Amino acid sequence: MYTLGIETSCDETGIAVYDSKFWENDQPPHLGILGQSLYSQVKMHEEYGGVVPELASRDHVKRILPLIKSCLNEAGMTISDIDTIAYTKGPGLAGALLVGSSVAKGLSFALHKKSIGIHHLEGHLLSPLLSENFQHSNPKDFFPFLALLVSGGHTQIMMVKAIGDYTILGETLDDAVGEAFDKTAKLLHLPYPGGPAVSELAATSISNRFKLPRPLIHSKNLDFSFAGLKTAVLTQIKQAEKEQVEFDASFKADLAKAFVDAAVDVLQSKVAFAMQQTNCYRLVVAGGVGANQQLRQKLSELENKLPNCQILYPPTHLCTDNGVMIAFAATLRLLQNNMAFDTSNAFDVSPR
Ligand code: KG4
Ligand code: ZN
């Protein structure tokens with residue numbers, strides 16, 4: 001079964017073809033990626049300091065068909081070889097989602113194919129199974145596992161018992177961690193997108209000049225809160241202004257480091273608590289912030305400390321939004337027979 005995946009929830013147009021036989025035959029799951037194409041609008045939104053929804057939708061319209069063509073070319077296929085067309089149904093920007101769903105439903109209607117809407121976070125959640133470092137003899141044996149989902153819109157810890165069986169164990173009460181990275185970047189006058197910029201700048205500092213709070217780190221639950229951490233960054237900047245401390249490169253790097261240290265400390269501590277509570281020591285990390293090197297370093301300490309602990313990340317290029325994760329999640333759902341195909345041609349996306 002060949003599945004075409006279409007992702008247009010935000011500012012990336014991602015397309016991929018996935019071949020189900022690799023999962024069915026217990027072969028390394030990443031080998032099932034037959035083709036992938038991606039266009040990032042990041043340059044276009046850069047000058048506005050964030051994603052402009054209307055520009056995003058219009059750009060998806062412009063890119064999507066050529067990207068589908070080039071992806072099918074890479075896979076050595078034509079659209080008629082595809083069995084199912086999967087698209088991101090939500091959450092995301094309504095207009096952007098409508099582009100992907102319209103194309104998916106239009107193609108499936110015209111070509112008598114089936115289409116299926118996929119939850120964006122389910123795509124992220126399952127994408128670490130595509131890791132090239134996946135050591136497990138049978139990928140299906142990796143279940144059950146915990147998932148740390150860290151993106152611009154979400155910070156959640158989930159229990160994944162099986163495909164489609166997900167329980168949220170804890171989540172952020174306010175800002176997502178990616179959002180805190182992006183807001184901190186703005187405060188430090190760093191370019192958009194903020195996450196990688198803050199992370200790179202933080203890596204240049206070895207100072208412990210600032211000590212920022214670690215919100216909810218000792219709470220006996222799996223909830224997060226990152227709004228106060230961002231405010232603590234602002235407070236340091238205001239304090240420095242008052243004391244006429246220079247807002248120079250080393251000040252910014254030291255503050256970025258303090259922010260990253262605090263954020264990854266909280267994430268590590270909550271993951272450790274989740275492992276202890278559930279007695280489940282397998283973890284996948286997904287979403288844009290999963291690309292963060294300091295976070296990976298910090299979580300690897302758990303692997304060294306806890307004998308059964310195993311952590312899996314998606315390949316770096318699949319940490320941020322992409323079509324592969326949508327094609328893959330749809331494939332796993334369809335193989336399990338636990339998700340229905342679309343029955344109507346109505347454009348029903350779920351932005352929230
Ligand atoms: O999953 P994603 O591509 O989009 C959604 O939010 O669904 O995640 C984007 C988020 C942004 O907040 C971005 O700043 C953050 O992930 N991000 C990072 C890094 N790369 C992306 N944050 C920290 N370090 C990174 N290397
Ligand atoms: Zn995402």
Q: Hey, can you tell me all the residues within the stretch 223-245 that are surrounded by 21 or more Cβ atoms within 10 Å (Cβ to Cβ) and under 23 Å from the mean Cα position of the chain (by Cα)?
A: 224, 226, 229, 230
Q: Name, by its number, the condition in (1) modelled with pLDDT under 95; (2) crowded, with 22+ Cβ neighbours inside 10 Å that does not hold for residue 49.
A: (2)
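Results for (1) of a type outside the set (Val, Ile, Thr); (2) buried (at least 24 other Cβ atoms within 10 Å of the Cβ); (3) part of a helix (DSSP H, G or I), shown as yes or no for each residue.
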site: 85; (1), (2), (3): no, yes, no
site: 95; (1), (2), (3): yes, no, yes
site: 98; (1), (2), (3): yes, no, yes
site: 106; (1), (2), (3): yes, no, yes
site: 110; (1), (2), (3): yes, no, yes
site: 118; (1), (2), (3): no, yes, no
site: 127; (1), (2), (3): yes, yes, yes
site: 133; (1), (2), (3): yes, no, no
Q.
Quick check on residue 201: is it outside any strand (DSSP E or B) and within 15 Å of ligand 1 (Cβ to nearest atom)?
A. yes
**Q.** The listed residue being in a helix (DSSP H, G or I), in contact with a helix residue (DSSP H, G or I) (Cβ under 6 Å, 6 or more places away or on another chain) and either within 19 Å of residue 221 (Cβ to Cβ) or within 16 Å of ligand 2 (Cβ to nearest atom) (or both), out of 256, 262, 274
**A.** 262
Q. Residues in the stretch 186-198: is at least one part of a helix (DSSP H, G or I), of a type outside the set (Phe, Trp, Tyr), touching a Gly at 6+ places or on another chain (Cβ under 9 Å) and more than 30 Å from residue 30 (Cα to Cα)?
A. yes
Q. Restricting the search to the stretch 303-325, which residues are outside any loop (DSSP other than H, G, I, E, B), more than 16 Å from ligand 2 (Cβ to nearest atom) and in contact with a helix residue (DSSP H, G or I) (Cβ under 9 Å, 6 or more places away or on another chain)?
A. 305, 310, 311, 312
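What residue, of 344, 300, is more than 16 Å from ligand 2 (Cβ to nearest atom), closer than 23 Å to residue 195 by Cβ and of a type outside the set (Lys, Arg)? It would help to see each step written out before you state the result.
On the way: 344 fails: closer than 23 Å to residue 195 by Cβ.
Only one candidate passes the filter, namely 300.
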Q) If you go through the stretch 294-322, how many residues are in contact (Cβ under 8 Å) with a residue 60 or more places away in the chain, in contact with an Asp or Glu (Cβ under 9 Å, 6 or more places away or on another chain) and within 13 Å of ligand 1 (Cβ to nearest atom)? A) 4
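The values are calculated or read from the model by the stated rules, or taken from the named source; none is laboratory data. Here the structure is a predicted model, which means the values were calculated and not measured. Note: ideal-geometry Cβ built from the backbone for every residue, glycine included; neighbour counts use all protein chains shown.
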